[in-house]
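Visitor: The structure under discussion is supplied below as structure tokens; questions concerning it will follow.
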Amino acid sequence: MIFGAFERMLAMRYLRARRQEGFISVIAGFSLLGIGLGVATLIIVMSVMNGFRAELMGRILGLNGHAAVYSRTGHIEDFDQIAVQVASIPGIFSVTPQVEGQAMLVAHGSASGAVVRGLRPTDMKAKRLVAQNIVGGSLDRFEGRDAIILGQRLAERLRLGVGDKVTLISPTSAVTVMGSVPRTKAYDIVGLFNVGMFEYDNTFVYMPMEAAQVFFQSGQTVNALEIFTTDPNNIRRFRLPLLEALPSDLYFFDWQQQNSSFFNALQVERNVMFLILTLIILVAAFNIISSLIMLVKDKGRDIAVLRTMGATRGMITRIFFMTGASVGVLGTVFGSALGLLFCENIEAIRQGLQTLTGVTIFDPMIYFLSKMPAEVDPWEVGTVIAMALVLSFAATIYPAWRAARIDPVEALRYE
């Protein structure tokens, strides 16, 4: 073994506080606590940001698709034929025609803008993120020209429920003998959905394609094709095949192009948070240096006696290296366990803190998600642990070297 039994015994003895060394042990304790909290905080923050990104991607891609095809004229004719051509590209497993537009919802004297999408009933049931999160009503009635389903938060804001009627006002007007008047139509609410993302639950409306074509006066055409692929993270490889398959009057945007600034901002924030929180571990490592230097100075006579009894400089170095490294190892283990335990129960902890303090933590109106997510990445946890151990071990090198350089004659001269 690298460390002998005598070296381990002496190192552990120096770690235990005695009355005259209490202050040194207090500093070592704060070092251990600082490293533990630094490691735990890094694991928690990185996991929350991973979960935040994964949840946002899942919901954004679940509702918006991995790419979307549009027409420069505003209408896509022969959309079924084009959908078949696009679906024949390897890696693309779903192409959904839809009519998309904006409208104003009016009910009980209140009004709200919304994004309206018209899909075929079969395509609506295949949209799992919505179909699996129906909290009221049913998709079985999603047909005809009078049906509509809303996000739950939008319905609550307008004081609406399943079975109620809501009036939609189109942004384009109809020309009559009285002049131009907004086009309006009342619809029956047949379902409510809650996908867990505030922005979508508060603004999205779905209706059958037949109803949307009538409301937006698009005839028998659509204005978008929604594409799902087998590999959304590698969406770039589909760009050239899509360009070759689409007619010249059509163009497309993939999810990376549409949300690039948003996800780039998340990545920058994540990197900055990692750098800032690493400073906590660095400060704790400096505390290890200071406590070890004080311990070496306090144990100068003991070191001199050990040297006169035959202890080598290597033994002295290893003894004090173990003393400081033990603080780093114990702090890292404590911090890792605390961080993983916190991530495992983060939503319960958030709810408990909200109940205790009465303050809303992780407001869904700001963060878009109704629950605080956490996704632990084993590779990142391993990186944090390795970094904490390396900093802790590096902090012990200089004090251990100083201890080994103590001259026994000088140390015992006045004893």
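Visitor: As an exercise: evaluate Glu375 against (1) modelled with pLDDT of 80 or more; (2) of a type outside the set (Lys, Arg); (3) open to solvent by less than 60 Å² (accessible area, probe 1.4 Å); (4) part of a loop (DSSP other than H, G, I, E, B) and give the number of the one condition it does not meet.
Guide: (3)
Visitor: Something else about it: Looking at the range 201-300, what helices (runs of 4 or more DSSP H) fall wholly within it and have at least 2 residues that are open to solvent by 30 Å² or more (accessible area, probe 1.4 Å), hydrophobic (A, V, I, L, M, F, W, C) and farther than 30 Å from Val166 by Cβ?
Guide: Working: elements: 209-215, 239-245, 255-298.
Once the helices (runs of 4 or more DSSP H) in the range 201-300 are filtered for at least 2 residues that are open to solvent by 30 Å² or more (accessible area, probe 1.4 Å), hydrophobic (A, V, I, L, M, F, W, C) and farther than 30 Å from Val166 by Cβ, what remains is 239-245, 255-298.
Visitor: Against the conditions (1) closer than 28 Å to Pro182 by Cβ; (2) open to solvent by 60 Å² or more (accessible area, probe 1.4 Å), where does Gln81 fall short? Just the number, please.
Guide: Checking Gln81 against (1) closer than 28 Å to Pro182 by Cβ; (2) open to solvent by 60 Å² or more (accessible area, probe 1.4 Å), the one that fails is (1).
Each row is one residue, and each column tells you yes or no for (1) modelled with pLDDT of 90 or more; (2) farther than 29 Å from Gly58 by Cβ.
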{"residue": "Asp140", "(1), (2)": "no, no"}
{"residue": "Ile148", "(1), (2)": "yes, no"}
{"residue": "Arg183", "(1), (2)": "no, yes"}
{"residue": "Gln217", "(1), (2)": "no, yes"}
{"residue": "Gln220", "(1), (2)": "no, yes"}
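Visitor: A follow-up question, please. Scanning the range 153-167 for residues that are open to solvent by less than 50 Å² (accessible area, probe 1.4 Å) and out of contact with any Ser or Thr (no Cβ under 8 Å at 6 or more places or on another chain), which turns out nearest to Glu210 (Cα to Cα)?
Guide: Only one residue tops the list, namely Val166.
Visitor: Restrict the check to the range 330-342 and report whether at least one residue is under 30 Å from Ile406 (Cβ atoms), in a helix (DSSP H, G or I), open to solvent by 50 Å² or more (accessible area, probe 1.4 Å) and modelled with pLDDT under 80.
Guide: Of all residues in the range 330-342, those under 30 Å from Ile406 (Cβ atoms) come to 330-332.
Add one more test, that the residue is in a helix (DSSP H, G or I), and what stays is 330-332.
Checking which are open to solvent by 50 Å² or more (accessible area, probe 1.4 Å) leaves us with 330.
Applying the additional criterion that residues be modelled with pLDDT under 80 yields none.
No, the range 330-342 contains no residue that is under 30 Å from Ile406 (Cβ atoms), in a helix (DSSP H, G or I), open to solvent by 50 Å² or more (accessible area, probe 1.4 Å) and modelled with pLDDT under 80.
Visitor: Determine if the range 354-364 includes at least one residue that is open to solvent by 10 Å² or more (accessible area, probe 1.4 Å), of a type in the set (A, V, I, L, M, F, W, C), farther than 30 Å from Ala404 by Cα and modelled with pLDDT of 75 or more. Full working, then the answer.
Guide: First, pick out the residues of the range 354-364 that are open to solvent by 10 Å² or more (accessible area, probe 1.4 Å): 354-364.
Then drop every residue that is not of a type in the set (A, V, I, L, M, F, W, C), which leaves 356, 359, 361-362.
Filter once more, keeping what is farther than 30 Å from Ala404 by Cα: 356, 359, 361-362.
Now restrict to residues that are modelled with pLDDT of 75 or more: 356.
Yes: one or more hits.
Visitor: Looking at (1) free of Cβ contacts under 8 Å to residues at least 60 places away in the same chain; (2) within 28 Å of Thr383 (Cα to Cα), can you tell me which one Arg236 breaks?
Guide: That leaves (2) as the condition not met.
Visitor: Please specify each residue of the range 252-289 satisfying the condition of being modelled with pLDDT of 80 or more and among the acidic types (Asp, Glu).
Guide: Matches in the range 252-289: Asp254 only.
Visitor: Does Leu192 count as open to solvent by less than 50 Å² (accessible area, probe 1.4 Å), out of contact with any Pro (no Cβ under 7 Å at 6 or more places or on another chain), not in a loop (DSSP other than H, G, I, E, B) and not charged (D, E, K, R)? Please lay out each step first, then the result.
Guide: Values: open to solvent by less than 50 Å² (accessible area, probe 1.4 Å): yes; out of contact with any Pro (no Cβ under 7 Å at 6 or more places or on another chain): yes; not in a loop (DSSP other than H, G, I, E, B): yes; not charged (D, E, K, R): yes.
Yes.
Visitor: Please return the ranges of helices (runs of 4 or more DSSP H) entirely within the range 53-157 where 2 or more residues are without any contact (Cβ under 8 Å) to a residue 24 or more places away in the chain and more than 14 Å from Tyr200 (Cβ to Cβ). Don't jump to the end; show me each part of the working.
Guide: Working: elements: 79-87, 121-126, 128-131, 152-157.
Here the list reads 79-87, 121-126.
The values are calculated or read from the model by the stated rules, or taken from the named source; none is laboratory data. Values in this document were obtained by computation on a predicted structure and should not be read as measured data. Glycine gets a Cβ as well: all are built from the backbone with ideal geometry, and neighbour counts include every protein chain shown. Surface accessibility is based on the protein's heavy atoms, side chains included, excluding ligands, DNA and RNA. Shrake-Rupley method; radii C 1.70, N 1.55, O 1.52, S 1.80 Å.
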